[in-house]
Amino acid sequence: MFQLAEKQQPKELRAVYQETLMELMEENENIIVCDADLVNASGTGKLFRKYPKRCINMGISEANMIGASCGMSLTGKIPFVHTFAPFATRRVFDQLYLSGCYQQANIRIYGSDPGFWALHNGGTHTSVEDLALTRAVPQLTVIAPADAAQFKWVIKNTIDRYGMYYFRCARKAVPDIYSEGSQFEIGKGNIICEGTDIAIFAIGEMIAEAIKARKILEEYGISSTIVDMFTVKPLDEELVREVSRGKRVIVAAENHSKIGGLGSAIAEVLAESPIEAPFISIAIQDHFGEVGTQDYLQRKFGLNADAIVSKVLEKLNI
Amino acid sequence: MDDLKRLSAKIRLEVCRMLKKRGFGHLGGALSIVETLSVLYGDVMKINPQNPAWEDRDWFVLSKGHAGPALYATLAIRGYFPMEMLDTLNDNGTRLPSHPDRMKTPGVDVTTGSLGQGISLAVGIAKSFQLSEKSNRVYTILGDGECNEGQVWEALQFAAHHKLSNLVIFIDENHKQLDGPTQEIMELFDLKNKLEAFGFAVKRIKGNDEAEIKKTIHQMFEVKNQACCIILDTIKAQGISYFENLQDNHHIRFSGESELQLNAAIEMLERKLKGGGRLGCFS
């Protein structure tokens with residue numbers, strides 16, 4: 001079971017990645033760490049110094065990194081591969097698809113800084129479509145860790161599961177949602193808080209925005225359920241139906257394009273159910289990214305608590 | 001006829017039979033690697049057809065995956081699966097799809113087909129054995145047309161940088177790709193020079209000479225701490241003169257003259273092997 005964080009001690013997610021792997025590599029000699037000339041960006045330098053053989057800098061060659069890692073996995077290695085989200089997905093989509101999933105390989109991919117997290121790297125480095133791409137690949141498990149505690153759990157608890165995994169999250173610290181030591185289940189959503197009027201399904205940093213929005217909506221007499229759908233695929237469809245039943249509005253919130261991401265996944269479930277509540281997608285509208293600060297980009301793309309509140313109020317004619 | 005020449009003839013015959021049954025297929029690129037497959041599976045590779053997943057085996061990656069039928073013929077002759085299964089090439093629900101699929105076919109180590117990807121898988125496998133200090137060797141065959149793919153050069157850099165001398169890379173230089181001569185579609189220039197510039201130990205040999213292929217592989221075993229590559233000078237549709245001379249011989253749909261020529265090739269190979277029945281396990 002999970003417990004919600006009682007106080008905020010946010011930790012950089014790249015530090016979580018490095019520290020968790022440091023722990024795991026000690027006990028599991030099959031773990032290999034690969035990066036495509038972003039070791040300094042992913043903060044895995046300590047791993048490279050401690051395990052120089054098992055850490056491989058592939059250079060700026062992402063296609064070969066995915067392919068070679070998949071090859072290593074066929075002989076029993078468990079590669080953890082990092083690069084920025086756009087280069088971990090759209091740049092290597094065929095490699096991910098064929099050398100990885102179709103081949104039934106066994107690697108973990110950390111696509112960092114999806115959506116607005118590209119910040120001053122700007123539009124060229126912004127991935128608004130990584131979930132759309134990865135969701136479309138059979139047998140790929142797609143996970144958007146909500147915070148440090150969950151990212152750590154995900155890294156540790158997917159080691160013994162054979163298959164292809166894509167983790168998408170920031171390198172920076174995000175607000176703590178869960179307390180350290182919380183337990184989760186791959187493929188199951190987590191009800192963060194319960195309410196009767198609306199349901200907000202969120203991932204990643206949008207969970208914290210949903211929690212802020214919930215407080216504001218309470219002032220209007222609207223009570224909200226918030227669900228962390230950290231496993232975007234396979235989606236916890238049963239929970240989507242269960243939580244949505246009887247709600248006046250259903251919201252999906254994600255740092256991703258509205259096309260093909262969490263919102264689409266939830267809409268697909270709802271479209272096949274008798275549930276008829278209005279649906280709101282809090283997501284990047286069919287736009288490219290651009291440079292900017294986190295606050296600017298969240299406002300620009302409508303990815304904050306204010307955007308959730310105003311769209312819900314509008315839908316409820318309040 | 002020595003054993004390897006006989007095995008080559010068997011493989012070539014079974015490829016022709018498979019494609020005749022189907023009525024179409026990638027004849028050209030399948031036939032140009034026959035002698036290399038014969039040497040690998042008939043002599044050089046450490047394999048156990050009764051236990052395809054044998055931990056100490058050598059691995060083979062057919063990076064030019066469209067030559068799948070040549071690999072299937074080889075695997076069947078070596079006893080990985082019954083010869084009759086060759087008749088199911090590309091049938092609905094088959095275990096022998098056009099391009100090799102490790103989840104479907106006994107003996108296929110790696111799934112390939114999207115050009116450029118097999119070589120990356122091969123370097124990863126070789127790197128893994130190098131890390132574990134295991135003696136398994138890895139063999140892969142690239143097409144020359146496949147070398148158009150940027151990923152090939154990423155993987156070659158990786159092999160050279162990591163000094164993967166446990167990997168033998170073959171480039172089947174049959175001088176043609178789907179749309180025509182490589183020289184016209186995308187000039188490869190001198191592959192030997194290019195590979196040497198990448199830091200490889202390189203040999204360029206006749207790709208239809210089993211003895212030379214075998215000798216060169218053994219020479220490559222002597223190379224330490226350096227990636228190695230054997231460039232095979234071959235002819236697309238090697239071994240059947242009509243198809244060697246046919247302009248578009250990448251993928252052939254057999255009808256009219258080409259069907260007659262395929263039948264004639266089958267008869268010729270059967271005579272050569274002195275027997276028309278399904279050829280049993282090579283040993």
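Just to be sure before I move on: is A:Ala283 among the aliphatic types (A, V, I, L, M) and either exposed (fewer than 15 other Cβ atoms within 10 Å of the Cβ) or in contact with a Phe, Trp or Tyr (Cβ under 7 Å, 6 or more places away or on another chain) (or both) in the structure I sent?
No, not satisfied.
Quick one: in the stretch A:195-245, of everything that is in contact with a strand residue (DSSP E or B) (Cβ under 8 Å, 6 or more places away or on another chain), of a type in the set (A, V, I, L, M, F, W, C) and assigned to a loop (DSSP other than H, G, I, E, B), which residue is nearest to A:Ile266 (Cα to Cα)?
Taking the candidates together, the pick is A:Met229.
Listed here are the residues, each with its yes/no results for (1) aliphatic (A, V, I, L, M); (2) facing chain A (nearest Cβ under 10 Å); (3) touching a Ser or Thr at 6+ places or on another chain (Cβ under 7 Å).
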{"site": "B:Gln130", "(1), (2), (3)": "no, yes, no"}
{"site": "B:Ile141", "(1), (2), (3)": "yes, no, yes"}
{"site": "B:Val168", "(1), (2), (3)": "yes, no, no"}
{"site": "B:Ile185", "(1), (2), (3)": "yes, no, no"}
{"site": "B:Leu188", "(1), (2), (3)": "yes, no, yes"}
{"site": "B:Ala197", "(1), (2), (3)": "yes, no, no"}
{"site": "B:Asn208", "(1), (2), (3)": "no, no, yes"}
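Pull up the stretch A:51-73, narrow it to residues that are facing chain B (nearest Cβ under 8 Å) and farther than 11 Å from B:Gly124 by Cβ, then point me to the one that is nearest to the chain's Cα centre (by Cα).
Step by step, filter the stretch A:51-73, then rank; the result is A:Ala63.
Of the conditions (1) at pLDDT 95 or above; (2) within 14 Å of B:Arg17 (Cβ to Cβ); (3) among the small types (Gly, Ala, Ser); (4) part of a loop (DSSP other than H, G, I, E, B), B:Gly276 satisfies every one except a single condition; which number is it?
So B:Gly276 meets the others, but not (1).
Among A:Val251, A:Val291, A:Val269, which is the only one that is part of a helix (DSSP H, G or I), of a type in the set (A, V, I, L, M, F, W, C) and more than 15 Å from the chain's Cα centre (by Cα)?
Checking each option against the conditions leaves just A:Val269.
Can you confirm whether A:Lys46 is within 14 Å of another protein chain (Cβ to nearest Cβ), out of contact with any strand residue (DSSP E or B) (no Cβ under 8 Å at 6 or more places or on another chain) and either assigned to a strand (DSSP E or B) or within 20 Å of A:Ile159 (Cβ to Cβ) (or both)?
Spelling it out, it is not the case that A:Lys46 is within 14 Å of another protein chain (Cβ to nearest Cβ), out of contact with any strand residue (DSSP E or B) (no Cβ under 8 Å at 6 or more places or on another chain) and either assigned to a strand (DSSP E or B) or within 20 Å of A:Ile159 (Cβ to Cβ) (or both).
Restricting the search to the stretch A:74-104, which residues are assigned to a helix (DSSP H, G or I), more than 8 Å from chain B (Cβ to nearest Cβ) and either hydroxyl-bearing (Ser, Thr, Tyr) or under 14 Å from A:Leu21 (Cβ atoms) (or both)?
Scanning the stretch A:74-104 gives a single hit, A:Tyr97.
Which condition from (1) touching a Ser or Thr at 6+ places or on another chain (Cβ under 6 Å); (2) at positive phi; (3) not acidic (Asp, Glu) is the one that A:Asn64 breaks?
Tallying (1) touching a Ser or Thr at 6+ places or on another chain (Cβ under 6 Å); (2) at positive phi; (3) not acidic (Asp, Glu), A:Asn64 fails exactly one: (2).
Quick one: in the stretch B:90-104, of everything that is within 13 Å of chain A (Cβ to nearest Cβ) and more than 14 Å from the chain's Cα centre (by Cα), which residue is surrounded by the fewest Cβ atoms within 10 Å (Cβ to Cβ)?
Among those residues, the one meeting the criterion is B:Met103.
Please specify each residue of the stretch B:1-27 satisfying the condition of being surrounded by fewer than 24 Cβ atoms within 10 Å (Cβ to Cβ), part of a helix (DSSP H, G or I) and either touching a Lys or Arg at 6+ places or on another chain (Cβ under 6 Å) or of a type in the set (Ser, Thr, Tyr) (or both).
Scanning the stretch B:1-27 gives a single hit, B:Ala9.
Quick check on the stretch B:114-128: of everything there that is facing chain A (nearest Cβ under 7 Å) and among the small types (Gly, Ala, Ser), which residue is farthest from the chain's Cα centre (by Cα)?
Looking at residues that are facing chain A (nearest Cβ under 7 Å) and among the small types (Gly, Ala, Ser), I get B:Ser128.
Which condition from (1) in contact with a strand residue (DSSP E or B) (Cβ under 6 Å, 6 or more places away or on another chain); (2) among the polar types (S, T, N, Q); (3) buried (at least 17 other Cβ atoms within 10 Å of the Cβ); (4) in contact (Cβ under 8 Å) with a residue 40 or more places away in the chain is the one that B:Asn208 breaks?
Single failed check for B:Asn208: (1).
The values are calculated or read from the model by the stated rules, or taken from the named source; none is laboratory data. As the structure is a computational prediction, the values presented were derived from the model and not from experiment. Methodologically, a virtual Cβ is constructed for each residue, glycine included, from the backbone with ideal geometry; neighbour enumeration extends over all protein chains shown.
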